[in-house]
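Down below is the structure, laid out as structure tokens.
The values are calculated or read from the model by the stated rules, or taken from the named source; none is laboratory data. It should be emphasised that the depicted structure is a prediction, and the values quoted were computed from it without experimental measurement. We place every Cβ from the backbone using ideal geometry, glycine too, and count neighbours over all the protein chains shown.
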């Protein structure tokens, strides 16, 4: 039997039917071979990074328990994004779906196409806040507590919080 790993995945969207995209992403994550959703955070509305003429994002984090390895999981995340209409044209452009592998167990990975912990995790409150909501005792591989990151980053740019996707305002 393959070992089960803990992976934390950021989910975000700011184009199209956001509720449907995020619901579909959660269902697709839960359906991955050897995988199950262990937790889903509340959802945060946040200002977009990048071009300022784009809509706000809805962001959350899911904890996935999986037997997939980190590179195989990344390939699945990219497949789920593509199925949701994700186009990789411009950096920080508006997106129908964005899935980022934030952490995978306590591994540190720096390879072509995969960096874990995610390169910008410690800079993005719209990722740290929901991560802290579902894993407040979690530490990054360097020992930093996610609660410390949350305090350091503050809530600037976080516009609202929703317990469920159904509570999103349009």
field: Residue that is surrounded by the most Cβ atoms within 10 Å (Cβ to Cβ), among those in the range 47-60 that are touching a strand residue (DSSP E or B) at 6+ places or on another chain (Cβ under 8 Å) and farther than 20 Å from residue 135 by Cα
entry: 57
- prompt: When only residues in the range 24-34 that are touching a helix residue (DSSP H, G or I) at 6+ places or on another chain (Cβ under 7 Å) and surrounded by fewer than 23 Cβ atoms within 10 Å (Cβ to Cβ) count, which is farthest from residue 97 (Cα to Cα)?
  reply: 32
- request: Could you please give the count of residues in the range 1-23 that are surrounded by 18 or more Cβ atoms within 10 Å (Cβ to Cβ) and in a helix (DSSP H, G or I)?
  value: 3
message: Anything in the range 149-170 that is in contact with a helix residue (DSSP H, G or I) (Cβ under 7 Å, 6 or more places away or on another chain), outside any loop (DSSP other than H, G, I, E, B) and modelled with pLDDT of 90 or more? List them, or say none.
response: 149, 150, 153, 158
task: Being part of a strand (DSSP E or B) and in contact with a helix residue (DSSP H, G or I) (Cβ under 6 Å, 6 or more places away or on another chain) is the filter here, so list the residues in the range 117-147 that pass it.
output: none
field: Residue list for the range 26-52, filter: in a loop (DSSP other than H, G, I, E, B), touching a residue at least 24 places away in the same chain (Cβ under 8 Å) and closer than 26 Å to residue 65 by Cα
entry: 32, 33, 34, 41, 42
task: Could you check, for the range 71-83, whether at least one of its residues is crowded, with 19+ Cβ neighbours inside 10 Å, modelled with pLDDT under 95 and part of a helix (DSSP H, G or I)?
output: yes
Checking residue 127 against (1) under 19 Å from residue 14 (Cα atoms); (2) within 17 Å of the chain's Cα centre (by Cα); (3) surrounded by fewer than 17 Cβ atoms within 10 Å (Cβ to Cβ), the condition it does not meet: (3)
message: If I filter the range 96-112 down to residues being outside any strand (DSSP E or B) and in contact (Cβ under 8 Å) with a residue 40 or more places away in the chain, which single residue comes out as surrounded by the most Cβ atoms within 10 Å (Cβ to Cβ)?
response: 97
task: Confirm whether residue 133 is within 14 Å of the chain's Cα centre (by Cα), modelled with pLDDT of 90 or more and within 17 Å of residue 16 (Cβ to Cβ).
output: no
